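Working notes for the structure below.
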Amino acid sequence: MNSYLEAALKNRTSRYTEIEQQMIMKAYQFAEKAHTKQVRKSGDRYIIHPVAVACLLVDMRLDMSSVVTGLLHDTVEDTSVSLKDIKEEFSEEIAYLVQGVTKLTKIELSSHHTKQAENFRKLVIAMSEDIRVLLIKLVDRLHNMQTLYHVKSEEKRRQVSIETMEIYAPLAERIGMRNLQDELQDLAFAELYPQAYESIRLRLDAIEREGITQIENIVDKLRESLVETGLPAEVHGRLKTPYSIWRKMKKKNILFEQISDVIAFRVIVASVADCYQALGAIHNEYVVVPGELKDYVSMPKPNHYQSLHTAVYFENKRIEVQIRTQDMHKIAEYGVAAHWEYKQNAHLKEGRQYKWLRGLLDILENANNPEEFLEHTKLEMFQDQVFCFTSKGDLISLAKGSTCIDFAYAVHSEVGNRCIGAKVNNKMMPLRTVLSNGDQVEIITSQHHEPSPTWERVVVTGKARASIRRYIRSKQQDEFRELGSAILKKACQQLGVAYKQKDFVPHLERFKCSTHDELCVSLGSGDLTVPEIIKYVHQDKFLESQAQDSQKEEEVILKLPRSVKKSQKQAAVEKDPQALAIKGLIPGMAIRYGSCCHPLPGDKIIGAVVSGKGITIHTLECNNLKHYENKPERLLDVTWDETEVDMFVGRVFMVLKNLPGALGSVSNIIGHANGNIVNLKILRRMNDFFDLIVDVNVQNVEHLNSIMASLRATALVSYIERK
């Protein structure tokens, strides 16, 4: 077996120099010795796998270092061999490539999903420096998929297939390795949906057997049409892959019999000018299918793919035609490997030149953890694209369904963070506007603007979502720290002790914090409560306060009642000197206003500490406070900051007469009172009346009461109350 493998490898590597062949054979012997006691799931000797990977890399005409890495790629992961051993026996370059391809299973990770995410994060870092890491990893995955049927565990096969479909096949597409992408997708598809795969494959086999004459006829007719216009061209027909057909069936919700373009035809000509001339000739000869023309020659895909796509009717049957030059065809079939020059220090070793890869690095920089990175990367790789232009004419490629916010972040993360508006084709449009191919977009920014937490629900690209999350997370940490510090100062004030950071330092380890700022963040986010901290830092004063509270009915910050007493609900709305003022905090960050009661300045309020989210503000009358009856330490006295003027959402319920112009009159009354309707929902419609909920931006309770009084004064409003 060993002599057979060695001979097969020698025959494949004959085009390399003698010194390079010696290095490849040395790597083979090194790997054979390292894996000598290992076998594959099939029972075969393990060395078969690295040899198969190396042979595939040779067929792709990659350099000697890549082939050697293919032979050694599992030695560090699965044997006692170290990277230091490889560096000493071979070179630093090969050691780096092996490290990049290694799956790093020795890292202790909590779950398969975390492990997968961490592996992918490491892979992106490695391939950003050397794209060969990705090529080797893809070939490694291809051979593992080709032999996956030997794995007995159905769940393991499924996990590997999902990983292949969601990560490795899209990566192959991104570097233009179409053949590799197709094979990975079909192998994964066959495992994940075996019945669908087998059904489509059998139908394709039947078409190939029965329709060979028809395919040859179409090829001849297309070639004749081109020759008549003076364009000699190669024309080929090929069946689409089972997975591509299944994906189309799912996307369009159609049956196999309804797919008219199962066969795609390729026209290969001499030059770019000939591509457009051939397109004109085909359109002149056959009826064109509307909306199917795609020009990837003038606007290449991110993986450098170029081709003209069109669809025409041939004898009442729809066929798809792709037109390209020979160079374009090589790139379409072999992607980055088609660029590879068999030279030392080839420039294509550098991965950062690929714009899509730089985009993944941006996501990596903004992601909070490997799982979040993997989530955003799937968003980035899995979607079709639209092409838009900046006001200066620069081309920006985006995922299909992208908005102006996605466009802003594609230009630069700071442009995204500061964008306040957008002009689409010289017309002001909302930031949530979905962009179309060819749109010209101008982003308007302001240095004083910050991204809204709600943007995350609007954007579709991984880069935009990761950037928004990072900015919001950073801002949220600042606000948690500020809130936590204010709570501690107020707690110390109530106890009658000076607030000194040094008093808290000896207790940081108890609360799993390394700095005082971290302690404040944990308190502000609700992961810790005031009593938990104070009872250790100021133990004597805390016990004294507890004793006093048992004799008093008044509410203080450290000991709140199990329920909100009726006397408190009836209390006057005077400012409590012991309460914490809500000041300088952005709604949705460290504090939130309860959507259950919609508190407004002027209401008597209380704060409920929600772990990991900060404080939610409720009115004292809110029914949801009953959830905190057994958690008094989670309730916090707060008061409005009278120095700040802002707009808040007040909610009213009204019964309105069902008459023409009634809603318009309500809107006018609210507008004249300087209110702004932000949401309106009709709950029930009858012949004479309808019930509705209206959310209005107001300054305080007095403002809302004024609006309600104005509405009551009109005969159109039968009933109104605050909700």
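Tabulated results
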read-out: Meets criteria (in contact with a Lys or Arg (Cβ under 6 Å, 6 or more places away or on another chain) and within 17 Å of A270 (Cα to Cα)) for S307; value: yes
read-out: Count of the range 631-680 residues which are basic (K, R) and at pLDDT 90 or above; value: 2
read-out: Positions within the range 243-267 being in a loop (DSSP other than H, G, I, E, B) and among the acidic types (D, E), in sequence order; value: D261
read-out: Hits in the range 15-33 (condition: crowded, with 16+ Cβ neighbours inside 10 Å and part of a loop (DSSP other than H, G, I, E, B)); value: Y16
read-out: Selected residue [more than 19 Å from G484 (Cβ to Cβ), in contact with a strand residue (DSSP E or B) (Cβ under 6 Å, 6 or more places away or on another chain) and of a type in the set (S, T, N, Q)] from T619, T639; value: T619
read-out: Strands (runs of 3 or more DSSP E) enclosed by the range 400-481 - at least 2 residues per element that are surrounded by fewer than 15 Cβ atoms within 10 Å (Cβ to Cβ) and of a type outside the set (S, T, Y); value: 427-429
read-out: Total residues in the range 188-241, condition in contact (Cβ under 8 Å) with a residue 40 or more places away in the chain, assigned to a loop (DSSP other than H, G, I, E, B) and under 38 Å from the mean Cα position of the chain (by Cα); value: 2
read-out: Criterion violated by I323 - all others in (1) modelled with pLDDT of 90 or more; (2) in contact with a helix residue (DSSP H, G or I) (Cβ under 6 Å, 6 or more places away or on another chain); (3) more than 28 Å from P242 (Cβ to Cβ) satisfied; value: (3)
read-out: Residue satisfying condition, being at pLDDT below 85 and polar (S, T, N, Q), within set T147, T105; value: T105
read-out: So E208, is it out of contact with any Phe, Trp or Tyr (no Cβ under 7 Å at 6 or more places or on another chain), of a type in the set (D, E), at pLDDT 85 or above and farther than 17 Å from H309 by Cβ; value: no
read-out: Subset of the range 495-521 [under 16 Å from E532 (Cβ atoms) and not aliphatic (A, V, I, L, M)]; value: D503, F504, P506, H507, E509, R510, F511, K512, C513, H516, E518, C520
read-out: Sole residue being assigned by TED's automatic domain parsing to the domain that holds L56 and under 22 Å from I319 (Cβ atoms), chosen from D186, D220, D182, D205; value: D182
read-out: Any hit, the range 673-689, residues being closer than 20 Å to R592 by Cα and of a type in the set (G, A, S); value: no
read-out: Filtered residues of the range 482-518 (kept if crowded, with 17+ Cβ neighbours inside 10 Å, without any contact (Cβ under 8 Å) to a residue 60 or more places away in the chain, of a type outside the set (S, T, N, Q) and under 22 Å from I617 (Cα atoms)); value: G484, L488
read-out: Residues satisfying the stated conditions in the range 150-159, i.e. farther than 15 Å from A52 by Cβ and in contact (Cβ under 8 Å) with a residue 24 or more places away in the chain; value: V151, K152, R157, R158, Q159
read-out: Count - residues of the range 264-285 that are over 12 Å from L226 (Cα atoms) and either surrounded by fewer than 16 Cβ atoms within 10 Å (Cβ to Cβ) or more than 34 Å from the chain's Cα centre (by Cα) (or both); value: 6
read-out: Residue list for the range 76-89, restricted to those being under 27 Å from S14 (Cβ atoms) and buried (at least 20 other Cβ atoms within 10 Å of the Cβ); value: I86
read-out: Flag if A608 is within 25 Å of Q477 (Cα to Cα) and without any contact (Cβ under 8 Å) to a residue 40 or more places away in the chain; value: yes
read-out: Identity of the residue in the range 268-295, farther than 14 Å from L222 by Cβ and part of a loop (DSSP other than H, G, I, E, B), that ends up modelled with the lowest pLDDT; value: G291
read-out: Some residue of the range 67-75 being in the same structural domain as M23 (by TED's automatic domain parsing) and surrounded by fewer than 22 Cβ atoms within 10 Å (Cβ to Cβ); value: no
read-out: In the range 156-195, the residues that are surrounded by fewer than 20 Cβ atoms within 10 Å (Cβ to Cβ), among the hydroxyl-bearing types (S, T, Y) and under 15 Å from D140 (Cβ atoms); value: none
read-out: Residue in the range 265-281 that is without any contact (Cβ under 8 Å) to a residue 24 or more places away in the chain, out of contact with any Pro (no Cβ under 8 Å at 6 or more places or on another chain) and of a type in the set (A, V, I, L, M) present; value: yes
read-out: Filter pass, S522 being surrounded by fewer than 16 Cβ atoms within 10 Å (Cβ to Cβ) and either under 34 Å from the mean Cα position of the chain (by Cα) or of a type in the set (A, V, I, L, M) (or both); value: no
read-out: The range 303-331 residues that are under 20 Å from G280 (Cβ atoms) and without any contact (Cβ under 8 Å) to a residue 60 or more places away in the chain, paired with ones that are part of a strand (DSSP E or B) and of a type in the set (S, T, N, Q) (beta carbon under 6 Å, 6 or more apart); value: S307/Q322; H309/Q322
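The values are calculated or read from the model by the stated rules, or taken from the named source; none is laboratory data. As the structure is a computational prediction, the values presented were derived from the model and not from experiment. Methodologically, a virtual Cβ is constructed for each residue, glycine included, from the backbone with ideal geometry; neighbour enumeration extends over all protein chains shown.
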